[in-house]
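This report concerns only the one structure given below.
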Amino acid sequence: MAEIIDRRSALAPVEFIERYLIGNQPVVVADAMNRWRLFRTPEELESRFGAELVQVYNDLFDLTNVVPLRAYLQEWFGKSGEPVAKKPLPYVRWYTKMKDVDFVWADEAFKSFSEQWSLPYFLPNSDYLLPCSVPGRPTTPTTDLFPGKGLFISGRGACTRLHRDPWASDAVLCQLFGEKHLLFYRPEQEVATSPGAAKNTPGAGEKPWAEMTLKPGEVVFIPRGWPHHATSLTDSISLTWNFVHASTWRWFFKHLASASASAELPVLRFFANRAGG
């Protein structure tokens with residue numbers, strides 16, 4: 001029987017750090033977006049950013065196209081019946097800048113709505129290693145650059161195949177609209193997460209440790225090293241970012257010494273060059 005992921009409200013930051021961040025356990029927080037004034041429907045999103053160019057990926061992280069957001073929403077949102085049998089369904093991941101390359105980054109969009117959301121109250125507000133921050137200085141994804149920060153926009157049936165997040169980082173996924181089904185596997189489980197591994201079929205040889213449905217207004221914490229798979233049960237809009245906090249420095253520095261970290265150097269250099277702002 002699959003485990004049940006903790007669902008919490010009024011989660012104190014100290015408990016979050018000790019039990020979930022250092023303890024490396026996923027958790028869903030139900031009340032962390034209560035005061036956000038962000039767009040909550042595709043219509044609101046399109047009215048503000050429909051003409052903007054966005055990054056379109058396959059069901060992992062291979063860039064396939066760059067299109068106006070309105071074109072994606074009109075083609076893939078609001079479809080009735082079964083999802084179109086086109087594999088993989090395209091998936092918008094509109095990231096803010098995290099490499100020193102010219103691209104269609106989402107920085108200006110995030111700047112325009114920076115006052116309409118806030119750092120989820122249960123997360124630490126300082127002492128980050130990724131992004132590099134001055135010890136004790138407040139750091140927030142509303143205005144500061146974070147790796148993997150972006151809007152995830154997906155039509156019903158789109159998915160992100162089984163994978164582990166890079167940089168030995170933790171992540172949060174904030175569900176603005178629609179529902180997502182997530183599968184979690186423990187870090188020690190033998191599951192295929194390389195890009196060519198049998199299409200990363202969820203549960204190939206292993207049952208998930210837990211599965212859940214993320215609903216609008218909920219935030220899920222995805223711990224470092226946990227393989228996970230996400231499917232959009234409905235049209236979906238999410239906001240996400242990754243981070244490494246000083247409390248997990250041992251795992252981060254161990255990862256930096258590994259062979260897999262070499263492919264992550266462009267992102268790590270980008271944030272290292274912005275240490276302290």
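Using the structure shown, decide if Ala246 is of a type in the set (A, V, I, L, M) and modelled with pLDDT under 95.
Here the answer is no, as Ala246 does not meet what is asked.
Looking at Gly155, Gly136 in this structure, which one is over 15 Å from the mean Cα position of the chain (by Cα) and surrounded by 18 or more Cβ atoms within 10 Å (Cβ to Cβ)?
After applying the criteria, what remains is Gly155.
Filter region 220-251 for residues that are of a type outside the set (Phe, Trp, Tyr) and not in a strand (DSSP E or B) and give the result.
Within region 220-251, Pro223, Arg224, Gly225, Pro227, Leu233, Thr234, Asp235, Ala246, Ser247, Thr248, Arg250 meet the criteria.
Among the numbered criteria (1) surrounded by fewer than 20 Cβ atoms within 10 Å (Cβ to Cβ); (2) outside any strand (DSSP E or B), which one does His181 miss?
Single failed check for His181: (2).
When you go through Leu89, Leu60, Leu123, Leu45 one by one, which is the residue that is within 18 Å of Gly178 (Cβ to Cβ), in a loop (DSSP other than H, G, I, E, B), in contact (Cβ under 8 Å) with a residue 60 or more places away in the chain and not small (Gly, Ala, Ser)?
Sole residue among the options that is within 18 Å of Gly178 (Cβ to Cβ), in a loop (DSSP other than H, G, I, E, B), in contact (Cβ under 8 Å) with a residue 60 or more places away in the chain and not small (Gly, Ala, Ser): Leu89.
Where residues in region 1-31 are hydrophobic (A, V, I, L, M, F, W, C) and either touching a helix residue (DSSP H, G or I) at 6+ places or on another chain (Cβ under 7 Å) or assigned to a strand (DSSP E or B) (or both), which of them is surrounded by the fewest Cβ atoms within 10 Å (Cβ to Cβ)? Write out each step before concluding.
Within region 1-31, the subset hydrophobic (A, V, I, L, M, F, W, C) is 1-2, 4-5, 10-12, 14, 16-17, 21-22, 27-30.
Right, trim to either touching a helix residue (DSSP H, G or I) at 6+ places or on another chain (Cβ under 7 Å) or assigned to a strand (DSSP E or B) (or both) and you get 17, 21-22, 27-29.
On the way: Ile17: 18, Leu21: 23, Ile22: 15, Val27: 21, Val28: 22, Val29: 25.
Top of the filtered list is Ile22.
Pairs only if they're at least six apart or on different chains, beta carbon under 7 angstrom, first in region 219-244 and in contact (Cβ under 8 Å) with a residue 60 or more places away in the chain and at positive phi, second of a type outside the set (A, V, I, L, M) and not in a strand (DSSP E or B); list them, first residue then second.
From region 219-244, the pairs are Gly225/Arg164; Gly225/Pro187.
Identify, from the list Arg40, Arg35, the residue that is on the phi < 0 side of the Ramachandran plot, among the basic types (Lys, Arg) and loosely packed, with under 13 Cβ neighbours inside 10 Å.
None of the others qualify; the one that does is Arg35.
Out of contact with any Pro (no Cβ under 6 Å at 6 or more places or on another chain) and at pLDDT 95 or above: which single residue out of Leu73, Leu89, Leu151 fits that description?
From the options Leu73, Leu89, Leu151, the qualifying one is Leu151.
The values are calculated or read from the model by the stated rules, or taken from the named source; none is laboratory data. All values derive from a computational prediction rather than experimental measurement. Using ideal geometry, Cβ is built from the backbone for each residue, glycine included, and neighbour counts are taken over all protein chains shown.
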